[in-house]
Amino acid sequence: MKKYRPVTPSRRGMSTINYRDLLTNVKPAKNLTSGFKRSVGRNNAGRITVRHQGGGHKRLYREIDFDLNKYNIPATIETLEYDPNRSAFIALVSYADGEKRYILMPDSLKIGDTFLISEQAPIAPGNRLPLSKIPIGTFIYNLEIKPKGGAKLVRSAGVFAEVLANDAGYTAVKLPSTEIRRVNQTAWASIGVVANSEHKLENSGKAGRSRWLGIRPTVRGSAMNPVDHPYGGGEGRQPRGTRRPKTAWGKVTGGRKTRRTKKYSNKFIVSRRKKAKRS
C-alpha cells in the first residue's frame, strides 16, 4: 500500500495501491476491448432504479473470459493489468494454440507462469477443474452455478470460496459471504484466490475520488424533508420517529427477510450467510 503525508486534509489517511510496482506497463489488447455505455443505475426507460450511481471517468471495456472453455491447452500469463470495471486485476494469457484472452488474475501467480483447464489438471493455483476433482479444504474462485454456465460467483478482489464436502452429486461450498451452498459436482472452478487482496485497505481520502469512480453522494434520510423520507422533517436534529427502521419508500428493513420463498436456488442453500455484528 502507498501512504501519503497529510499535506492537505484530503491526503490525511489516504492510502492507495502502488500499481506501478505491480502491473505491466502496456496498453490493453485492442482486439479484446470495446467502448460501452454504463447503465449508471437507470432502466430502459431512463428512470433511476439504483441510487448513487452516475458520472465518473469514461471506461474501456475489457472482454474477460468467464467461460474458460479452452480445455487441455496450456496457457501462459503475459501481462498483469488494471481493469476499471472490476476490483480484481486481470491478466492477458496466451494459449499454446496462439489464442489470447483476458482472465481474472489469481493471487499467487506471476508473469510467465502457466495454468491448465482440464479434468486431469494438478491441484495448483490458476488451474481449473470440476468440483468433483477438487479436494476438501481447497480455496477456489471463478465458480460456476450451473455446469458449463460460465463463472458467476467469487470474482471480486481478494476473495475465495472453500470446498467443504461432497455428497450425492453435489459439493458444499462456503462462499465469501459465509453462506454455504450446494453446487453440482460437474460445475467447474479455478484453484486459488483472486488477486489484489489489498483492495479492501484502500482509503479514498476525499469525496472527489468517489465521483471519478461513478459513485454519487448518499444523503441521510434524517436530513431530508418529510415528503422525501420517513425520517425527514422536524426542527433541528430529530430521532427516527418510527418504531422500526424503514427505507425511503416506507418498507421495513433491519432484519426482515427479503429473499423470495419460492426462489429456485433455496433448496441448494445449506446455511444462510451470517449477519454482521453491530459495532
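The table below lists the values:
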{"quantity": "Residue that is farthest from Ala88 (Cα to Cα) [pool: residues in region 200-234 that are β-branched (Val, Ile, Thr) and in a loop (DSSP other than H, G, I, E, B)]", "calculated": "Val227"}
{"quantity": "Enumeration of residues in region 1-23 that are surrounded by 14 or more Cβ atoms within 10 Å (Cβ to Cβ), in a loop (DSSP other than H, G, I, E, B) and either among the small types (Gly, Ala, Ser) or touching a Leu at 6+ places or on another chain (Cβ under 8 Å) (or both)", "calculated": "Ser10, Leu23"}
{"quantity": "Residue within region 63-75 that is surrounded by 13 or more Cβ atoms within 10 Å (Cβ to Cβ), closer than 19 Å to Thr171 by Cβ and touching a residue at least 12 places away in the same chain (Cβ under 8 Å) present", "calculated": "yes"}
{"quantity": "Selection count where residues are free of Cβ contacts under 8 Å to residues at least 60 places away in the same chain, charged (D, E, K, R) and in contact with a strand residue (DSSP E or B) (Cβ under 7 Å, 6 or more places away or on another chain), scope region 147-175", "calculated": "2"}
{"quantity": "Residue in region 87-100 that is closer than 27 Å to Arg182 by Cβ, part of a helix (DSSP H, G or I) and touching a strand residue (DSSP E or B) at 6+ places or on another chain (Cβ under 6 Å) present", "calculated": "no"}
{"quantity": "Of residues in region 35-62 being in a strand (DSSP E or B) and among the hydrophobic types (A, V, I, L, M, F, W, C), the one surrounded by the most Cβ atoms within 10 Å (Cβ to Cβ)", "calculated": "Leu60"}
{"quantity": "Condition met for Gly205 (within 20 Å of Val50 (Cα to Cα), touching a residue at least 12 places away in the same chain (Cβ under 8 Å) and over 21 Å from the mean Cα position of the chain (by Cα))", "calculated": "no"}
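Laboratory data are not the source of any read-out in this text; all were calculated from the coordinates shown. Computed from a predicted model, the values in this text were never measured in an experiment. As a convention, Cβ positions derive from the backbone with ideal geometry for all residues, glycine included, and neighbour counts pool all protein chains shown.
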